[in-house]
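What follows draws every value from the coordinates through simple rules; no lab data is involved. Everything quoted here is computed from the prediction, not taken from an experiment. Every residue, glycine among them, receives a Cβ derived from its backbone with ideal geometry; neighbour counts consider all protein chains shown.
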Amino acid sequence: MYPIYHHESLDSTNIEAKRLAEEGAIHGTGVIADNQTGGRGRLGKKWHTVGGKGLYCSIIIRPEIGLEDYPKLTLVAGLAVSEALYELCGLRAQLKWPNDIFFQGKKCAGILAESSPLSLEEKERFAVIGIGINVNQALLDFPADLQQTVTTLYRETGKKFDIETVFVSVRQQVLFYIENMEKNGFRPILSEWCKYDYLLGKGMECVDVEGKVIKGVALGPDENGVLRLRTAGGDVVEVLSGDIRLAR
Ligand code: BTN
């Protein structure tokens, strides 16, 4: 049995999971918080926590993969979460590169994968897969500016879910897909991921860290998990990071 550390409140489950991993916690260790006071999202954004109604968790993994494969973990975890949600609700999610899980164009879950310092020796390396899932919230539980863009499992199915049951299912799928990647590489996972690609063929904009906007049509991620888009001039551009949104 893999351990679960379930807290009433933490600043961020990712921070607590990193602390445990540095102390030697095993592959598969899970941290859950009913409430987070400093939940973090990608690109330094805040992750809105609705105490007791969502799943806020982190999973420590010690994958047998090369350092060059660590950036792919966000896509691997996204696919794993979408499979868990399919198992739990019978609904197929769409995956928005790199870390969002959508139902009907609205965000239901997000991934924040963080790696141990690259300087660590191979046997000490780890990653923390932080996962936030909107589970039992009503839309009114979110601030007004989020109500148009988010959804929850409750809203999609009309059913309430036990948070720890959702966690167990998510962790099982995350560990399954990590093992799969160790054995068979990233390619089969990528081709599965691409079946649910929300952006594919759509006009999109990427705002990079300096605020520069790149526009184009999404071509999907390449074999390294890097998003490609075709600009109006016909060039294929790689997007490594940045805020991704549909073109207006
Ligand atoms: C995103 O969509 O930008 C990623 C959101 C990740 C949120 C989860 S909640 C549990 C874990 N702890 C954090 O502080 N963040 C992740």
Amide H to amide H under 5 Å from residue 28: which residues, 5+ apart in sequence or cross-chain, H placed 1.01 Å off N in plane?
-> 60, 61, 62
Please report 29, 165, 13 as a ranked list, fewest other C-beta atoms within 10 angstrom at the top and most at the bottom.
-> 165, 29, 13
What list do you get for 231, 74 if you sort them by fewest beta carbons within 10 Å?
-> 231, 74
Let me have the relative contact order for region 1-127, percent, based on Cα pairs under 8 Å that are six or more residues apart.
-> 21 percent
Working out 0.36 nm times the residue gap between residue 205 and residue 27, then minus their Cα-Cα distance, what length gain in nm do you get to one decimal?
-> 60.4 nm
Work out the charge dipole of the chain with +1 on the Cβ of Lys and Arg and -1 on the Cβ of Asp and Glu about the Cα centre, then indicate which of 185, 61, 163 is farthest towards its positive end.
-> 163
With +1 on the Cβ of every Lys and Arg and -1 on the Cβ of every Asp and Glu, the dipole magnitude of the chain about its Cα centre, in debye rounded to the nearest 20, is 920 debye
Mean separation of Cα contacts under 8 Å (at least 6 apart) over the residue count of the chain, i.e. the relative contact order in percent, is 17 percent
For the pair residue 91 and residue 68, what calculated FRET efficiency results from E = 1/(1 + (r/R0)^6), where r is the Cβ-Cβ distance and R0 = 22 Å, to the nearest 0.05?
-> 0.05
How far apart, in nm, are the 7 Å Cα→Cβ label points at residue 104 and residue 247?
-> 2.7 nm
Within the set of other residues whose C-beta is less than 12 Å from the C-beta of residue 128, count the net charge using Lys and Arg as +1 and Asp and Glu as -1.
-> +2
Fewest-first sequence of 194, 108, 89, 206 by Cβ atoms within 10 Å of each Cβ = 194, 89, 206, 108
If unit charges are put on Cβ atoms (+1 for Lys and Arg, -1 for Asp and Glu) and the dipole of the chain is taken about its Cα centre, the option from 37, 247, 84 lying farthest towards the positive end turns out to be 247
Between residue 165 and residue 187, the two model label points (7 Å from Cα along the beta-carbon direction) sit apart by a distance in nm of 4.0 nm
Membrane-span-like helices in the chain: DSSP H runs reaching 30 Å or more (Cα, own axis), mean Kyte hydropathy at least -1.0?
-> 163-184
Neighbour cut-off at most 11 other Cβ (10 Å), DSSP loop, GluC sites (Glu not before Pro), region 70-165 = 121
Determine by what factor the alpha-carbon radius of gyration of the chain differs from 2.2 N^0.38 Å, reporting the quotient.
-> 0.97
For region 113-184, averaging the sequence separation of alpha carbon pairs under 8 Å that lie six or more residues apart and dividing by its residue count, the contact order in percent is 21 percent
